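Read the figures in this text as sums done on the coordinates, not as results from a lab. Here the structure is a predicted model, which is why all the values come from computation and not from measurement. Here the Cβ is made from the backbone with ideal geometry for all residues, glycine too, and neighbour counts use every protein chain on show.
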Amino acid sequence: MSNLLFQNARLIDPEAKAERIGDLRVIGGEITEIGASLSAPAKTHVVECRGKCLAPGIVDIGVKIGEPGERHKESFRTAGRAAAAGGVTTIIMRADTKPTIDTPETLAFVLSRAREESRVRVHAMAALTKGRMGREMTEIGFLQDAGAVAFSDGDAVCVNPKVFSRCLSYAAALDALVIGHVQDPGLSAGAAVTSGPFATKQGLAGVSFMAERMGLERDLALVEMTHARYHADQITTAAALPALARAKAAGLDVSAGISIHHLTLNELDIGDYRSFFKVKPPLRSEDDRIAVVEAVACGLIDIISSMHTPQDEESKRLPFEEAASGAVALETLLPAAMRLIHSGAMDLPTLFGALSLNPARRLGLRAGRLSLGAPADLVLFDPDAPFVLDRFSLLSKSKNTPFDGARMQGRVLATFVGGDVVFERAR
Amino acid sequence: MAFAAKHLLGIEPLSKVDILSILDLADQYVSLNRQANKRSDTLAGLTQINMFFENSTRTQASFELAGKRLGADVMNMSMATSSIKKGESLIDTALTLNAMHPDLLVVRHPSAGAANLLAEKVNCAVINAGDGQHEHPTQALLDALTIRRAKGRLHRLNIAICGDIAHSRVARSNIMLLGKMENRLRLIGPKTLMPAGIETFGVEVFDDMRKGLRDVDVVMMLRLQKERMDGGFIPSEREYYHRFGLDFEKLGHAKPDAIVMHPAPMNRGVEIDGTLADDINRSVIQEQVEMGVAVRMAVMDLLARARRASEDGGVMA
């Protein structure tokens, strides 16, 4: 852990909602000084930033890691390397592993593997119900003590409102954050795309966008009843936004996220059955995409995540409806998010609010800030550098990205965790 | 001949000229098929594999006969009872067959896009014989040929497609084809059997048979695909027949010379009155079967020609 001095950086401060050119000093893994023309004493490693952007590292909620159970898709080592290359300094991993992270023992195993193997920080969610079956709640208290930062059954929606409301009540007493997947399971059953002209033309089974509003409205009603701390994993449709706004205005402890794919792609990108574009919930119409980009810009949707879901080639080389859902995105999150900057939809401090500050705050982590005393989890990136993505250049073990062959603008130059370099692009 | 496509995956990518090329050639094959000697050697030496992942007696027989009349070596693989049950993936099956050097691969599969996926992985020409709820292009082509021969033209007709539009690949391919040929299309059926957003496809949507059939030239009935239903799309078969089944009374709202079509197999007394289906003055259902063989011969002939042309081009280059 060396002393670092970042010189001549474009500092992106999501807390102050501002950016400026300046220097930033790191001592003992923490940010200790920010200002103009800071001195460089002996034994200081100087990073000349040449006016490139320095921002708090990304805190990525909802990353699927294949350990335990599916290490052939992604391991802690490969996920950690991919995250570092993508400017993600904290991974919040999902509980939908095999077996499910639903006991303190499994959680302890996962966290120790992560410590051994990952270059970036890893926290874990735990399941809300045993086996994510929606019947019995997990040991929320013990799991919290063992380090679980949030509780979620992932995309296995707890169908029984009685069970779900008890989980919320119990979690509320422990001040635990519950993350819900707000897609009505009955309406969504069997669907591979969003219903509408595209689904009809391609002959694919679709689900109405209304399934999301239904899922959200149910969960919000139960949150109002139980006073739980609640986060909706992905809000991807315009129809769900008014309900979210009402809940926030009513003072419920509610936040919402969205995946980078729903902000940068729409259903037409699926084209002739390209299964790398099959995600959960399915990609939406362009009208919906525009609405949710605005919702992120104005802060109604709080958090952008990668929803990194590695799938091997075999799971994707199938007819669209049979293919597995999900896309890898740890390495493409930041370049894809730069599309929102280059299109003028938002500014960099707002973007890093959604990528770094808001998720850290929501989970009670000290990261995500560019302020004195904060851990030196930092990403240095060139917001304009153009490149064409080759999926086989990804460090993830699985290569299922929808951005293969896409022209992108914005590249990570270096990533730091606690003041240590975890990634540096050869210049 | 202007037909240069490598595969026939759907009607959507075809141009008007492509469609007319197929129909014109099919007309010639109708004449051949009516002769005593029906044999041609157009596809002699070529191998055609029919790969049916869904059971189908009629379509498979039609493709088989079409290939044999053109002199191809035809092999039928009924995949519904084969290695797919042993867990082999679609692509592995395709690669296995590809290694046997077929020239034409006819595929029916329960998943939309399966034919597209195969076409990316094999070297031969792929003909989509129905993929999930996506397309069934040869059915639309044989319907078009039937209409053209019965009505003398394939444009500026009022055509009604009735029944289970939502689950029907036949309906999708017909909407594409008849739309491209500039006809007026009406879709008639209960709201629960209409796919989302269909009104953006340049069609008029009706849920009343009598209004929808008014003054149409062609009535295309669809099979009520019971096996595709999750349940609960319609209250009962008898209510469906009462409101949407085609009988002489409802047909009375159409033009006096309107023809009645059905892709078969029919559910008599569910979507169509049995006597009406058999009435040779109104029903062209048997002609559709005849046109089916001719259209499939034309499609395979054209794809084989395009293949030879590209191979010759390859040698010269």
>> Based only on other Cβ atoms within 10 Å, what is the fewest-to-most ordering of B:R108, A:R246?
In response: A:R246, B:R108
>> Taking amide H atoms as placed 1.01 Å from N in the peptide plane, list the residues 5 or more away in sequence, or in a different chain, whose amide H sits under 5 Å from that of A:E15.
In response: A:L370
> Roughly speaking, what is the stretch gain from A:E313 to A:D390, that is 0.36 nm per residue apart minus the C-alpha to C-alpha distance, in nm to one decimal?
Replying inline: 26.2 nm
> Can you give the FRET efficiency for A:S37 and A:E139, using 1/(1 + (r/R0)^6), R0 = 56 Å, r = Cβ-Cβ distance, to the nearest 0.05?
Replying inline: 0.55
> Which of B:P137, B:P13, B:P235 moves most in a GNM of chain B, Cα contacts under 10 Å?
Replying inline: B:P235
> Considering only DSSP beta bridges whose two residues both sit in chain A, what percent are antiparallel, to the nearest 5?
Replying inline: 50
>> Through the Karplus equation 6.51 cos²θ - 1.76 cosθ + 1.60, θ set to phi - 60°, convert the phi angles of the stretch A:6-21 into ³J(HN,Hα) values in whole Hz; use x for Gly and Pro.
In response: 8, 10, 6, 9, 8, 7, 9, 10, x, 5, 7, 6, 8, 9, 7, 7
>> Take the residue pairs A:K278/B:K191; A:K64/A:K130; B:K16/B:K121; A:K98/A:K278; A:K52/A:K399; B:K68/B:K226 and return only those whose Cα atoms are more than 26 Å apart.
In response: A:K278/B:K191; B:K16/B:K121; A:K52/A:K399; B:K68/B:K226
>> Can you sort A:H342, A:H261, A:H123 from fewest to most other Cβ atoms within 10 Å of each residue's own Cβ?
In response: A:H342, A:H123, A:H261
> For A:E217, what is the net charge nearby, where nearby means another residue's Cβ is under 12 Å from its Cβ and Lys, Arg count +1, Asp, Glu -1?
Replying inline: -1
> Within a Cβ distance under 13 Å of B:I285, other residues only, what is the Lys/Arg minus Asp/Glu net charge?
Replying inline: -3
> In whole Hz, what ³J(HN,Hα) sequence does the stretch A:336-346 give by Karplus (6.51, -1.76, 1.60; θ = phi - 60°), x for Gly and Pro?
Replying inline: 5, 5, 5, 4, 5, 6, 5, 7, x, 6, 7
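What does the helix-only formula give at 222 nm for the protein assembly as shown: each DSSP H stretch with n ≥ 4 adding -39500 (n - 2.57), the total divided by the residues, and the result rounded to the nearest 500 deg cm²/dmol?
My calculation for the protein assembly as shown gives -10000 deg cm²/dmol from helical runs alone.
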> Once phi is turned into θ = phi - 60°, what whole-Hz ³J(HN,Hα) does the Karplus curve with 6.51, -1.76 and 1.60 give for every residue of the stretch A:62-71, x standing for Gly and Pro?
Replying inline: x, 8, 8, 10, x, 9, x, x, 9, 5
>> Connecting C-alpha atoms closer than 10 Å in a GNM of chain A, tell me which of A:N400, A:N358, A:N160 has the biggest fluctuation.
In response: A:N160
> Based on DSSP, what percent of beta bridges with both residues in chain B are antiparallel, to the nearest 5?
Replying inline: 5
>> Charges at C-beta only: +1 for Lys and Arg, -1 for Asp and Glu. How large is the resulting dipole of the protein assembly as shown about its Cα centre, in Debye rounded to 20?
In response: 600
> By how many degrees, between 0 and 90 and to the nearest 10, does the Cα long axis of helix A:286-297 differ from the longest principal axis of chain A?
Replying inline: 50
> What residues have an amide H closer than 5 Å to that of B:V74, excluding those fewer than 5 places away on the same chain, when H is modeled at 1.01 Å from N in the peptide plane?
Replying inline: B:Q48
>> Taking beta carbons within 10 Å but only from partner chains, what does the mean come to for residues A:264-274?
In response: 2
> In whole angstrom, how far apart do the alpha carbon centroids of the stretch A:369-395 and the stretch B:215-268 sit?
Replying inline: 60
> Across the Cα atoms of the stretch A:57-363, what radius of gyration and what greatest pairwise Cα-Cα distance (Dmax) are found, in Å?
Replying inline: 17.9, 51
> How would you rank A:V421, A:V293, B:V216, going from fewest to most other Cβ atoms within 10 Å of each one's own Cβ?
Replying inline: A:V421, A:V293, B:V216
>> With Kirkwood's inverse mean 1/r over C-alpha pairs for Rh, give me the Rg to Rh ratio of the stretch A:28-135, two decimals please.
In response: 1.13
> With the Cα gyration tensor of the stretch A:98-169 giving a ≥ b ≥ c as the square roots of its eigenvalues, does the rule (a/c under 1.5 for rounded; else a/b larger than b/c for prolate; else oblate) give rounded, prolate or oblate?
Replying inline: prolate
> Across the residues of A:191-200, average count of Cβ atoms on other protein chains within 10 Å?
Replying inline: 4
> To the nearest whole number, what is the average tally of beta carbon atoms from other chains within 10 Å of the beta carbons of peptide B:188-199?
Replying inline: 3
> So what's the angle, to the nearest 10 degrees on a 0 to 90 scale, between helix B:58-69 and the longest Cα principal axis of chain B?
Replying inline: 40
> Under 5 Å between amide H atoms, partner at least 5 residues away or on a different chain: which partners does B:V106 have, H built in plane at 1.01 Å?
Replying inline: B:I49, B:N50, B:M51, B:I127
> In units of 2.2 N^0.38 Å, what is the alpha-carbon radius of gyration of the protein assembly as shown?
Replying inline: 1.11
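Rounded to the nearest 5, what % of DSSP beta bridges with both residues in the protein assembly as shown are antiparallel?
Antiparallel bridges make up about 30 percent of those DSSP assigns within the protein assembly as shown.
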